[in-house]
Amino acid sequence: MAEERERLVKKVSYDMPRATKNKVEAIVFKQLQEQKHIEEMEPVDPELTLRPDTSKTLRVSTAKKYYHNGKWEMSTVEKEECWSCCMNADPNSEGCVAVKVDKQRWILSSYT
Ligand SMILES: [Zn+2]
């Protein structure tokens, strides 16, 4: 601790050549106190990060669902059958409207 103190005194008086001896002492004292405090704060258990891994408990399970909000019908413009919403000519196409579905979410609506 004494060596650390001497080292700090040298460093502070080098950094602030015009500082009085009292001021240098005060700065060194403060820095030593802070170091001590940090050492005391060090968690004993290295696994204890206070930031737990929530990836297993808070699983995000969102999926995207696609659908057409139009109708599969004969288009008067294209003269062939297509989806009225996006003019897609493939009846099995994925859908032009994407919605996010959260599988973990509670469904609160009910039949009344
Ligand atoms: Zn569509």
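Quick check on Glu47: is it acidic (Asp, Glu), surrounded by fewer than 10 Cβ atoms within 10 Å (Cβ to Cβ) and out of contact with any helix residue (DSSP H, G or I) (no Cβ under 8 Å at 6 or more places or on another chain)?
Taking the combined requirement at face value, the residue satisfies it.
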Which numbered condition Lys65 misses (of (1) more than 16 Å from the ligand (Cβ to nearest atom); (2) basic (Lys, Arg); (3) surrounded by 10 or more Cβ atoms within 10 Å (Cβ to Cβ)): (1)
Test for Glu25: is it surrounded by 10 or more Cβ atoms within 10 Å (Cβ to Cβ) and within 16 Å of the ligand (Cβ to nearest atom): no
Count - residues of region 19-37 that are among the hydrophobic types (A, V, I, L, M, F, W, C) and under 14 Å from Ala2 (Cα atoms): 3
Verdict on Met41 being surrounded by 11 or more Cβ atoms within 10 Å (Cβ to Cβ) and of a type in the set (A, V, I, L, M, F, W, C): no
Of the criteria (1) in contact with a helix residue (DSSP H, G or I) (Cβ under 8 Å, 6 or more places away or on another chain); (2) within 30 Å of Val101 (Cβ to Cβ), which one Leu58 fails: (1)
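Any read-out appearing in this document is the output of simple, stated calculations on the displayed coordinates, not a laboratory observation. Note that the structure is a prediction, hence the values are computed from the model and not measured. Note that each Cβ is placed from the backbone with ideal geometry, even for glycine, and that neighbours are counted across all protein chains shown.
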